[in-house]
Amino acid sequence: VQLQASGGGSVQAGGSLRLSCAVSGRDFSNYVMGWFRQAPGKEREFVATINWSGGATYYADSVKGRFTISRDNAVYLQMNSLKPEDTAVYYCAARRRDLSRYDYWGQGTPVTVSS
């Protein structure tokens, strides 16, 4: 199983970025896909999830209304109205719908938002 995140970069506050997570190696139809982030000196935190089947989404309060998670054959995170506090390394991950633990993680893609 491989999750490959990409699309990070540097942007000014108010700007946008779109992260992608290419997935391969298994049938993800019974999985929940998630985006997480870890800022320097902080713990990793949840950002958003989407059910591979059905498409139900869930967001952290800090990104609600600014970020959108979606998927087709990959998983995306559209990030608008970026703030300096969104600066972090972003990770995509996958877990079975009947489990709470994320078993599969991609490498991180860094996002830097300057004021």
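The values are calculated or read from the model by the stated rules, or taken from the named source; none is laboratory data. The structure displayed is predicted, hence computed values, not measured ones. Here the Cβ positions follow ideal geometry from the backbone for every residue, glycine too, while neighbour counts run over all protein chains shown. Ligands, DNA and RNA are stripped out before the accessible areas are found, and what is left, the full protein with its side chains, is counted by its heavy atoms. Shrake-Rupley method; radii C 1.70, N 1.55, O 1.52, S 1.80 Å.
Scan segment 3-34 for residues that are surrounded by fewer than 14 Cβ atoms within 10 Å (Cβ to Cβ) and hydroxyl-bearing (Ser, Thr, Tyr) and report the count. Matching residues across segment 3-34 total 4. Each residue in segment 96-115 was checked for being of a type in the set (D, E, K, R) and under 13 Å from Gln2 (Cα atoms), and 1 of them qualify.
Considering only residues that are small (Gly, Ala, Ser) and either more than 14 Å from the chain's Cα centre (by Cα) or assigned to a loop (DSSP other than H, G, I, E, B) (or both), look in segment 54-102 and name the one that is farthest from Ser20 (Cα to Cα).
Taking segment 54-102 and keeping what is small (Gly, Ala, Ser), we get 54-56, 60, 62, 65, 70, 74, 81, 88, 93-94, 100.
If we keep only those that are either more than 14 Å from the chain's Cα centre (by Cα) or assigned to a loop (DSSP other than H, G, I, E, B) (or both) as well, we get 54-56, 60, 62, 65, 81, 100.
Details: Gly54: 19, Gly55: 16, Ala56: 18, Ala60: 19, Ser62: 20, Gly65: 19, Ser81: 18, Ser100: 23 Å.
Residue satisfying both the conditions and the ranking: Ser100.
For segment 44-57, the count of residues that are modelled with pLDDT of 95 or more, open to solvent by 30 Å² or more (accessible area, probe 1.4 Å) and within 21 Å of Ser115 (Cβ to Cβ) is nonzero. It is to be established whether one or more residues within segment 79-100 are without any contact (Cβ under 8 Å) to a residue 12 or more places away in the chain and under 15 Å from Phe36 (Cβ atoms). Checking segment 79-100: at least one residue is without any contact (Cβ under 8 Å) to a residue 12 or more places away in the chain and under 15 Å from Phe36 (Cβ atoms).
Within segment 3-21, residues that are without any contact (Cβ under 8 Å) to a residue 60 or more places away in the chain sit with their Cβ atoms under 7 Å from residues that are of a type in the set (Ser, Thr, Tyr), at 6+ positions apart or across chains, in these pairs: Ser20/Ser6; Ser20/Tyr76.
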